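Notes follow once the structure below has been shown.
The values are calculated or read from the model by the stated rules, or taken from the named source; none is laboratory data. A quick note: this is a predicted structure, and the numbers were derived from the prediction, not measured. Note that each Cβ is placed from the backbone with ideal geometry, even for glycine, and that neighbours are counted across all protein chains shown.
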Amino acid sequence: MRSPFLRAVSAKKLLAFNSLLALFYFIALIFMFNRGNIFLYVALMVGEVFHIWQLYTLFQAAWEMKHDSDFSKSYTPAVDIYITVAGEPYNIVLKTVMAATKIDYPNYHIYILNDGKVAKKKKWWQIDTIPYATDPSKVSCITRSKPGGAKAGNINHALTKTDSPFIAVLDCDHIPKPEILKSMLGYFIDPEVAFVQSPQYYRNHTDNYVANAAWQQQTLFFGPICRGKARSNSLFMCGTNMVIRRKALMSVGGMRQESITEDLYTSLLLHAKGWKSIYVPLILAEGLAPEDLSSYWKQQYRWARGSLEVLLKHNPLWLKGLDWRQRLQYMASVTYYLIGVVVLIDALLPLFYFYTGLIPISATTMSIALVFIPYMFLTMYSLQWISSYAFSFRAIAFSVASWPIYLLALISTLLRIDTAFKVTSKEKQDGNYLMLASLHIIYIASVLAGIGYVLSRNDHITSSLITNSTWGILYIIMFLPFVRASLSDKLARLMSITEELPKEELISD
């Protein structure tokens, strides 16, 4: 099955024109406008360099999304299916295991990797009864008694208890489709393929405001980005819905436990050793998105912290064995979370003007609009096109508004603050999470107060006031969906800001 975001096609002329327009915008900032305060100017330019870096590396990935690889339907080696569990609800795990027993494949065995005991979860022992509630001939349970390494440690422990040449990994909420193994194992006919990855798809993305936003963010990554990374052999494992060659995994010492994003770091080492990766753009399992802002925060923090650790401790630029395209794409992935710093810088620029009068550049509102608006709208259109119109404003808004999460991850990485692996909740946690949006609320109030403050001190409206007010209001608009997500459902209903979420139909191939 395919979602529309997996059927998008590249538009090389559009991407090339967008790239040229981005370059023109950057050159215009340097040469067309007078510089203001030097520190604010440098901060602005650092942010713009980051934006263009991210745009160009995205376009490099999306330039060509088709990639053919050898595939054999008759290649059906033995597979161990690992379903990782760390305290998730019994019913969720049971559904996944039951679906796994119905997989259409001749030679596989299911192992529930139960880490509930070492995670000190209540009723962890219930998971051990699932084989008897399903099919003991197909299902076994491996329960650790000694902790260590979180999910990576759980998988490595299971590797010592099983022996099939291939391992399929599923998070316990990702319900597999019957064709999952037949759609992936055939690629391993190539002895150099280390792993095959398929998309994460959230079956609850139309049920909840936060889940919908989390899903829309994923469409860009699991659509054009993953398809493009596969072309340059720089696709990394994404934790679930993947099959791994045991020999390849053992060649790098198993799943690496040094990072809380073990899948990313292990993939990097596999590629450095010359192994290949394959992406299958088919929905072969359906999981659960975070349904509340606290769960979303934990998920994003874990991804950001792990990626930044790779950037700072295991930088792809210095790792031997990678080619330039692999270095480029890995760097694009791990530097993405520096957006926390960049958004903070960009958002503060209007406040500097409102309260100090300092500006990074001096220009008329019209001249700035003439170079910025075409670049911004064309970039938005390009993102829409390459994601088959699945990547929405809400996805962009959540990405921008997540800056405190990413900034916190960067600070904790730089200070080497220990961070435990936290499993994303598979059930909605009711509550009011306004504290998680407190910085956004303070910012909104500061911008509105700043506009009022400047108006009260000036007899006329200047171009600097118009430009900075527009910039500040743009960020307010970007932050509002995040603030909305922080509200409890009851409060959102009382404020009449609930909305109908879009439905999506999957397309059969």
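Structure values in brief
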item: Residue 186, sole failed condition from (1) at pLDDT 95 or above; (2) out of contact with any Ser or Thr (no Cβ under 9 Å at 6 or more places or on another chain); result: (2)
item: Boolean, residue 409 is at pLDDT 95 or above, of a type in the set (Gly, Ala, Ser) and buried (at least 21 other Cβ atoms within 10 Å of the Cβ); result: yes
item: Qualifying residue in the stretch 314-327 (condition: of a type in the set (Phe, Trp, Tyr) and free of Cβ contacts under 8 Å to residues at least 24 places away in the same chain); result: yes
item: Among residues of the stretch 385-409, those that are of a type in the set (Val, Ile, Thr) and either in contact with a strand residue (DSSP E or B) (Cβ under 8 Å, 6 or more places away or on another chain) or under 15 Å from residue 436 (Cα atoms) (or both), counted; result: 2
item: Count - residues of the stretch 439-460 that are more than 29 Å from the chain's Cα centre (by Cα), in a helix (DSSP H, G or I) and surrounded by 10 or more Cβ atoms within 10 Å (Cβ to Cβ); result: 11
item: Residue that is surrounded by the most Cβ atoms within 10 Å (Cβ to Cβ), among those in the stretch 108-125 that are of a type in the set (D, E, K, R) and over 14 Å from residue 84 (Cα atoms); result: 121
item: Matching option when the condition is farther than 28 Å from residue 486 by Cβ and not basic (Lys, Arg), among 397, 409, 363, 401; result: 363
item: Test for residue 206: is it in a loop (DSSP other than H, G, I, E, B), among the polar types (S, T, N, Q) and farther than 24 Å from residue 272 by Cα; result: yes
item: Qualifying residue in the stretch 152-171 (condition: without any contact (Cβ under 8 Å) to a residue 40 or more places away in the chain and among the β-branched types (Val, Ile, Thr)); result: yes
item: Some residue of the stretch 147-167 being at pLDDT 95 or above, more than 27 Å from the chain's Cα centre (by Cα) and within 30 Å of residue 60 (Cα to Cα); result: no
item: Test: residue in the stretch 19-32 that is modelled with pLDDT under 95 and in a loop (DSSP other than H, G, I, E, B); result: yes
item: Matching residues in the stretch 354-377 - criterion: being touching a Leu at 6+ places or on another chain (Cβ under 7 Å) and surrounded by fewer than 19 Cβ atoms within 10 Å (Cβ to Cβ); result: 358, 374
item: All positions within the stretch 355-370 that are more than 36 Å from the chain's Cα centre (by Cα) and not in a helix (DSSP H, G or I); result: 357, 362, 363, 364
item: Count - residues of the stretch 22-67 that are among the polar types (S, T, N, Q) and more than 27 Å from the chain's Cα centre (by Cα); result: 2
item: Residue within the stretch 135-150 that is surrounded by fewer than 20 Cβ atoms within 10 Å (Cβ to Cβ) and β-branched (Val, Ile, Thr) present; result: yes
item: Identity of the residue in the stretch 80-96, under 26 Å from the mean Cα position of the chain (by Cα) and assigned to a helix (DSSP H, G or I), that ends up surrounded by the fewest Cβ atoms within 10 Å (Cβ to Cβ); result: 95
item: Some residue of the stretch 244-264 being acidic (Asp, Glu), over 24 Å from residue 99 (Cα atoms), in a loop (DSSP other than H, G, I, E, B) and more than 19 Å from the chain's Cα centre (by Cα); result: yes
item: Qualifying residues in the stretch 28-71 (those that are within 30 Å of residue 233 (Cα to Cα) and touching a Lys or Arg at 6+ places or on another chain (Cβ under 7 Å)) - the one surrounded by the fewest Cβ atoms within 10 Å (Cβ to Cβ); result: 64
item: Unique residue being free of Cβ contacts under 8 Å to residues at least 24 places away in the same chain and assigned to a loop (DSSP other than H, G, I, E, B) when the list is 77, 147, 136, 106; result: 136
item: Check on residue 221, in a helix (DSSP H, G or I), of a type in the set (A, V, I, L, M, F, W, C), within 30 Å of residue 75 (Cα to Cα) and modelled with pLDDT under 95; result: yes
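Quick grid of which residues meet (1) out of contact with any Cys (no Cβ under 6 Å at 6 or more places or on another chain); (2) without any contact (Cβ under 8 Å) to a residue 12 or more places away in the chain; (3) among the polar types (S, T, N, Q):
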residue	(1), (2), (3)
337	yes, no, no
342	yes, no, no
349	yes, no, no
357	yes, yes, no
365	yes, no, yes
373	yes, yes, no
391	yes, no, no
404	yes, no, no
412	yes, no, yes
